[in-house]
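The values are calculated or read from the model by the stated rules, or taken from the named source; none is laboratory data. Just so it is clear, the structure is predicted and the values come from calculations on it, not from any experiment. No Cβ is skipped: glycine too gets one built from the backbone with ideal geometry, and neighbour counts run over all protein chains shown.
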Amino acid sequence: MSNKATPKSIDPLVDLLSLPDEEKSQSEKEIFSENTILSRFKEVFPKEWIIELRNQYCDFISSYSLNSSFNENFFKLTDKTGLGSYDNRNDKYSKEISDYFERLLFAPNLAILEYVIKNLQIFQNLKFLDHGSGFGLLSIFLKKINIDCYNFDNFSQMGTTRSNRREDVARALHDQNNFFKYYQIPIPTDVLPTKDIDVVVNIGTKIQEEVKYLNSKYLLIDPKYATNPWPSHYDKYASFCGSPNKDIVDLLSMYKHKDVI
């Protein structure tokens, strides 16, 4: 199965949202068109591929042995709200685009995809870590654009209860290995890597202190769960909401390692 696509690299790694209109080129202005963003998403992520993923995910969830004890607000797919509601922020990126993605991704993750695709020349050879990955849906979309992503989760929302230990969650995930193998992504683990991570993304959960000291080049962080202080070797260089809703600034905060030029 071929599930990869290579989108065009669009703009440099800068905070275009902070520029006044008179300082933007025509091509930069076009970046903010919702129709333009949706067209680029359609080119990279065909609708039939997304529908297949939705169906595969639903089958995965129905056969996941701990599905009676996980947090449905995060993982159960419904026709009305999609994958949970994530504090009602699903549509803050774009309802139309969220619908196109069959509501498989929360709004901050859609903003991450847009930002990475726009700056693919920066990110295409970097190793990602999704901190709080859940069942790894974001990594499937990143894999589609040839980006490898390590899936980390502490399993607290994935079936861990008084009677279910983290080892039980890990065993249940390995029992569903065919899903992860099909999409060529790593099985989520509760063990953090110690090196070789260039970009950390963190959506919907508080980031663990250990992650801050992985010395990754970039941190794409959900500001709702960002905690201070950050290590002194990171600088916040931008905020990003996604082009469809330029007035919303609470979807992503971006940090860059001071050694990155």
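Would you check if there is a residue in the range 123-143 being assigned to a helix (DSSP H, G or I) and either surrounded by fewer than 16 Cβ atoms within 10 Å (Cβ to Cβ) or of a type in the set (D, E, K, R) (or both)? Yes - at least one qualifying residue is present in the range 123-143. Filtering 156, 232 for residues that are assigned to a loop (DSSP other than H, G, I, E, B), among the hydroxyl-bearing types (Ser, Thr, Tyr) and over 19 Å from residue 74 (Cβ atoms) leaves a single hit, 232. Inside the range 87-122, residues that are hydrophobic (A, V, I, L, M, F, W, C), part of a loop (DSSP other than H, G, I, E, B) and either under 11 Å from the mean Cα position of the chain (by Cα) or more than 27 Å from residue 59 (Cβ to Cβ) (or both) make up a count of 3. Per the listing 102, 48, the residue uniquely at pLDDT 85 or above and surrounded by 15 or more Cβ atoms within 10 Å (Cβ to Cβ) is 102. Among residues of the range 187-205 being hydrophobic (A, V, I, L, M, F, W, C) and more than 15 Å from residue 157 (Cα to Cα), the one that is nearest to the chain's Cα centre (by Cα) is 201. Taking the criterion of being over 10 Å from residue 129 (Cβ atoms) and either surrounded by 15 or more Cβ atoms within 10 Å (Cβ to Cβ) or touching a Gly at 6+ places or on another chain (Cβ under 8 Å) (or both), the residues of the range 185-200 that qualify are 185, 186, 187, 188, 189, 190.
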